[in-house]
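Take a look at the structure below.
The values are calculated or read from the model by the stated rules, or taken from the named source; none is laboratory data. Quick caveat: nothing in here was measured; it's all calculated off a predicted structure. For neighbour counting, all protein chains shown are included, and Cβ atoms are generated from backbone atoms with ideal geometry for every residue, glycine included.
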Amino acid sequence: MYYTINNNNNKFKPSYLFIDIKEIKNKHNVIHLCFQNSNLKEIPNITEFINLKSLNISHNNLTKLPHLSQFKKLNDINLSYNKLVELPDLSNCINLDIINIHDNKITDLFDLSKLVNLKKIICSSNLLTKLPNLSNCINLEYINFSNNNIYIFPNLINLNKLQMIYSYCNSFTKAHKSIIQCKKLNYYKKYNIYKNINILSDLLNWNINKYYYLHIMKYYKNKLITLINILDYR
């Protein structure tokens, strides 16, 4: 386990190892806490770290978390590879730009509408059946909701900065038309139909020549009965 302090020097922020969080002095100067691979079943009291910007609690045995809404400066939270069944409400952490909850047992996400600075969401390999409204996350660039039980493809309206989407291994049968607005997509397998459990049987004839940044488009392992003519876009 280690922590990083802010010494008002942007080029060098020293990190220090710790065994017991009580060892850490000047907690208000700590900007990064890492408990990765610490075999934790619960996290220690971190309420005094009021200026925390990054929190990594990945690869543990956590089943629940305390309230974290007091960390107004938090930019990055990594809760991946735990046993969480629910998340605390992070909607007041308005400076969050990365949320990683990969490989847990989460069935529902909190309201994301206040997180206008959010750039990256990784919620893959959970038990989600739907995603919250993303329309206010106007700075979102990357989203991975693969390996869930999502049956309705999310509405991507207003997500004009979105560049990468991963959606494979879910249960939806159609993508939302709002995806046509995401003209900056450069990796999604743009309309990623890969290995959806309830497999897509139809593909809308969207004009893909509008996707100027699109590099990769994959359609394998499906039961498509119609397909757009991509030869026109060579």
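Can you tell which of I94, I99, I106 is touching a strand residue (DSSP E or B) at 6+ places or on another chain (Cβ under 9 Å) and of a type in the set (V, I, T)?
Working: I94 fails: touching a strand residue (DSSP E or B) at 6+ places or on another chain (Cβ under 9 Å); I106 fails: touching a strand residue (DSSP E or B) at 6+ places or on another chain (Cβ under 9 Å).
From the options I94, I99, I106, the qualifying one is I99.
Looking at L68, L84, L62, L52, which is the one that is closer than 17 Å to C123 by Cβ, in contact with a strand residue (DSSP E or B) (Cβ under 9 Å, 6 or more places away or on another chain) and surrounded by 15 or more Cβ atoms within 10 Å (Cβ to Cβ)? First the steps, then the outcome.
Numbers: L84 fails: in contact with a strand residue (DSSP E or B) (Cβ under 9 Å, 6 or more places away or on another chain); L62 fails: in contact with a strand residue (DSSP E or B) (Cβ under 9 Å, 6 or more places away or on another chain); L52 fails: closer than 17 Å to C123 by Cβ.
Selected residue: L68, the only one of L68, L84, L62, L52 that is closer than 17 Å to C123 by Cβ, in contact with a strand residue (DSSP E or B) (Cβ under 9 Å, 6 or more places away or on another chain) and surrounded by 15 or more Cβ atoms within 10 Å (Cβ to Cβ).
Here are the criteria: (1) touching a Ser or Thr at 6+ places or on another chain (Cβ under 7 Å); (2) at pLDDT below 95; (3) under 26 Å from L33 (Cα atoms). Tell me which single one N75 does not satisfy.
Going through (1) touching a Ser or Thr at 6+ places or on another chain (Cβ under 7 Å); (2) at pLDDT below 95; (3) under 26 Å from L33 (Cα atoms) one by one, N75 breaks only (2).
Just a yes or no: is a residue in region 149-157 touching a residue at least 40 places away in the same chain (Cβ under 8 Å), of a type in the set (F, W, Y) and part of a loop (DSSP other than H, G, I, E, B)?
yes
A quick yes/no check of all residues on (1) exposed (fewer than 13 other Cβ atoms within 10 Å of the Cβ); (2) among the β-branched types (V, I, T); (3) modelled with pLDDT under 80; (4) under 21 Å from H67 (Cα atoms):
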| position | (1), (2), (3), (4) |
| --- | --- |
| T4 | no, yes, yes, no |
| N7 | yes, no, yes, no |
| Y16 | yes, no, yes, no |
| K25 | yes, no, no, no |
| F35 | no, no, no, yes |
| N39 | yes, no, no, yes |
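Considering only residues that are hydrophobic (A, V, I, L, M, F, W, C), under 25 Å from the mean Cα position of the chain (by Cα) and not in a loop (DSSP other than H, G, I, E, B), which ones fall in region 16-63?
Within region 16-63, the subset hydrophobic (A, V, I, L, M, F, W, C) is 17-19, 21, 24, 30-31, 33-35, 40, 43, 46, 49-50, 52, 55, 57, 62.
Those left that are additionally under 25 Å from the mean Cα position of the chain (by Cα): 30-31, 33-35, 40, 43, 46, 49-50, 52, 55, 57, 62.
Those that are hydrophobic (A, V, I, L, M, F, W, C), under 25 Å from the mean Cα position of the chain (by Cα) and not in a loop (DSSP other than H, G, I, E, B): V30, I31, L33, C34, L55.
Restricting the search to region 143-159, which residues are more than 14 Å from the chain's Cα centre (by Cα) and buried (at least 20 other Cβ atoms within 10 Å of the Cβ)? Talk me through it step by step, then tell me what you get.
Narrowing region 143-159 to residues more than 14 Å from the chain's Cα centre (by Cα): 149-153, 155-159.
Those that are more than 14 Å from the chain's Cα centre (by Cα) and buried (at least 20 other Cβ atoms within 10 Å of the Cβ): I150, F153, L156, L159.
Take the residues in region 158-184 that are touching a strand residue (DSSP E or B) at 6+ places or on another chain (Cβ under 9 Å) and in a loop (DSSP other than H, G, I, E, B), then tell me which one is nearest to T129 (Cα to Cα).
Quick first cut of region 158-184, residues touching a strand residue (DSSP E or B) at 6+ places or on another chain (Cβ under 9 Å) only: 159, 162-167, 179, 182.
Keeping just the survivors that are in a loop (DSSP other than H, G, I, E, B) gives 159, 162-163, 167, 182.
On the way: L159: 21, L162: 22, Q163: 23, S167: 12, C182: 23 Å.
Result: S167.
Restricting attention to region 110-142, and to residues there that are under 15 Å from S91 (Cβ atoms) and of a type in the set (S, T, Y), which single residue is surrounded by the fewest Cβ atoms within 10 Å (Cβ to Cβ)?
That would be S113.
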